[in-house]
Amino acid sequence: MKIELEIDGQMIEGEFTLSGGAAQLTFGGATREAQVSEPEPGMFTVIINDHVYRCALEESPGGALEVIVNGERIPVAARDKKHLRGHAVAGAGAVGQVKLSSPMPGKVVRVLLSAGDEVAAHQGVLVIEAMKMQNEVQAPKAGKIAEIKVSEGQTVNAGDALAVIE
């Protein structure tokens, strides 16, 4: 999938694939490969060029996602570029109810807001995990959460309704 990564404030656009524990990220004309495993829930081992990195994903108090690599915290954001294009058009000038739908098949790992909560444009509403990567689904407009249609631990398909914003 085409992906946009923001790692410690630096933007990287590239292509990401994960199959059978082998991950590839192509950007800047080069391909980087890694072996990825999850020896325990929420902890990942990443091997790149015979170097082993112990990684964990953690949400900061402000709601941003951080990766902890061998004890060092690094703020990251990963966005599916195709998904972003669709939401930018859908949310631009949206009036009335807007339905958030799943950009990919995966598992809902975190519901960040509840029905009745106020939400700002581009604020995270929930987090979906797919291929061992967590993707934050954001509100395309400011408003109020009318309904959360999923719960933590639920498996969803691409296009499934996740929430309604009014």
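The values are calculated or read from the model by the stated rules, or taken from the named source; none is laboratory data. Here the structure is a predicted model, which means the values were calculated and not measured. For neighbour counting, all protein chains shown are included, and Cβ atoms are generated from backbone atoms with ideal geometry for every residue, glycine included. Just the protein is used for accessible areas: all its heavy atoms, side chains included, with ligands, DNA and RNA removed. Shrake-Rupley method; radii C 1.70, N 1.55, O 1.52, S 1.80 Å.
Of all the listed residues (GLN134, GLN138), the sole one being open to solvent by 50 Å² or more (accessible area, probe 1.4 Å) and either in contact with a strand residue (DSSP E or B) (Cβ under 8 Å, 6 or more places away or on another chain) or of a type outside the set (D, E, K, R) (or both) is GLN138. Candidates are the residues of region 64-78 that are open to solvent by 50 Å² or more (accessible area, probe 1.4 Å) and charged (D, E, K, R); the one that is modelled with the highest pLDDT is GLU72. Which one is modelled with the lowest pLDDT, of the residues in region 101-127 that are among the hydroxyl-bearing types (Ser, Thr, Tyr) and part of a loop (DSSP other than H, G, I, E, B)? Applying the filter and picking the extreme gives SER102.
Scanning region 129-166 for residues that are without any contact (Cβ under 8 Å) to a residue 40 or more places away in the chain and part of a strand (DSSP E or B) yields GLU129, ALA130, VAL137, LYS144, ILE145, GLU147, ILE148.
Filter region 144-154 for residues that are of a type outside the set (D, E, K, R) and exposed (fewer than 12 other Cβ atoms within 10 Å of the Cβ) and give the result. SER151, GLY153 - these are the residues of region 144-154 that are of a type outside the set (D, E, K, R) and exposed (fewer than 12 other Cβ atoms within 10 Å of the Cβ). If you filter region 121-131 down to residues that are over 10 Å from the mean Cα position of the chain (by Cα) and open to solvent by 20 Å² or more (accessible area, probe 1.4 Å), you find that the one that is farthest from THR155 (Cα to Cα) is ALA121.
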